[in-house]
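The values are calculated or read from the model by the stated rules, or taken from the named source; none is laboratory data. All values derive from a computational prediction rather than experimental measurement. Here the Cβ positions follow ideal geometry from the backbone for every residue, glycine too, while neighbour counts run over all protein chains shown. Accessible surface is based on the protein model in full, side chains and every heavy atom, while ligands, DNA and RNA are left aside. Shrake-Rupley method; radii C 1.70, N 1.55, O 1.52, S 1.80 Å.
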Amino acid sequence: MAASLVETIKQVKPSIVGVGTYQEITRPPSKLLGTGFLVFDDRHIITNSHVLPRSLRISQREFYCVFVGEGRNASIVRVTVVMRDDDHDIALLRADRSIDARPLVLRGNADLAEGEPVAFTGFPIGTVLGLYPATHRGIISARTPIVIPQATPKRLDLQMIKRLREAFEVYQLDATAYPGNSGSPLYDPVNGEVVGIVSSVFVKASKEKALSDPSGITYAIPIDFAIRILEKAGLAKP
């Protein structure tokens, strides 16, 4: 497994990008807010919807961007939002120019079982130590509904009620993700096929809102919802 993962990381890393905003008049001008990865071709990127601010300072020339490359060789590429699916915390972006990397393969209907090995690559602490993607590995520790019934109605809000009515399963992982990992691809450590998208912040807002001390558990959204977005956008399944 270790030897396979070494080769898989080499295959996956070039397709991983940082996701954030850029505004020349601020210091620092760029803000890395999460992770994304290439899909379909060399311009389309999947990330979490919650990573992207709902509004930009257009009058001050702020725009969405992705960070491509590694370390001092990293560059900024402007992107636009093609489509959002807030219910499943997924956003599809399109880069203004080609990115020199291959899109990752998405494995729909993965139906992962508890105990299956997985890995994810992203930017767990943003650019604090420079733009260097890091990889974590673990297993599927559980398949669980995105929202759990609350003990009393006082703990419910409109968003939680909606998710209770439209509940779907997510993957619970035994590996630790950090805020910058939002949008990281969850993939098969042997062949690099993407089976999910790390989305702990989104899921915890549903599952653990009632907790006074939220856990460090990591969750991922099944990749099927990203495939649906690609199809709605008129892009063939990768």
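Run the reach check for Lys13 against aspartates and glutamates, Cα to Cα strictly under 18 Å, same-chain hits fewer than 8 apart removed. What comes back?
Output for Lys13: Asp41, Asp42, Glu70, Asp100, Asp188, Glu193.
Can you tell me the relative contact order of the stretch 7-94? Whole percent, Cα pairs under 8 Å, sequence separation 6 or more.
Reported relative contact order: 28 percent.
Can you compute the modelled spin-label distance between Ser98 and Leu56, with each label point 7 Å from Cα toward Cβ, in nm?
Taking the simple label geometry, Ser98 and Leu56 are separated by 2.4 nm.
Full-extension gain between Arg27 and Lys232, please, as 0.36 nm times their residue separation minus the C-alpha to C-alpha distance.
Length difference between fully extended and current span is 70.0 nm.
Let's test the formula: R0 of 22 Å, r as the Cβ-Cβ distance of Asp86 and Glu169. What FRET efficiency results, to the nearest 0.05?
Efficiency, rounded to the nearest 0.05: 0.75.
At 1.4 Å probe radius, can you tell me the per residue accessible area of the stretch 1-150 in Å²?
Accessible area per residue, the stretch 1-150: 50 Å².
Can you give me the Rg/Rh ratio for the stretch 1-60, using Cα atoms for both radii and the Kirkwood formula for Rh?
Rg divided by Rh gives 1.12.
Which order do the peptides 51-57, 76-82, 37-43 come out in when sorted by mean C-beta neighbours inside 10 angstrom, highest first?
The densest-packed peptide leads the list: 37-43, 76-82, 51-57.
Once both labels are modelled 7 Å past Cα along the beta-carbon direction, what's the Lys13-Glu70 spacing in nm?
0.2
Report, ordered by chain and residue number, the aspartates and glutamates lying within cross-link reach of Lys31, taken as a straight Cα distance under 15 Å and ignoring same-chain residues fewer than 8 apart.
Glu62
In whole percent, how big is the carbon plus sulfur part of the accessible area of the stretch 59-141, probe 1.4 Å, protein atoms only?
46
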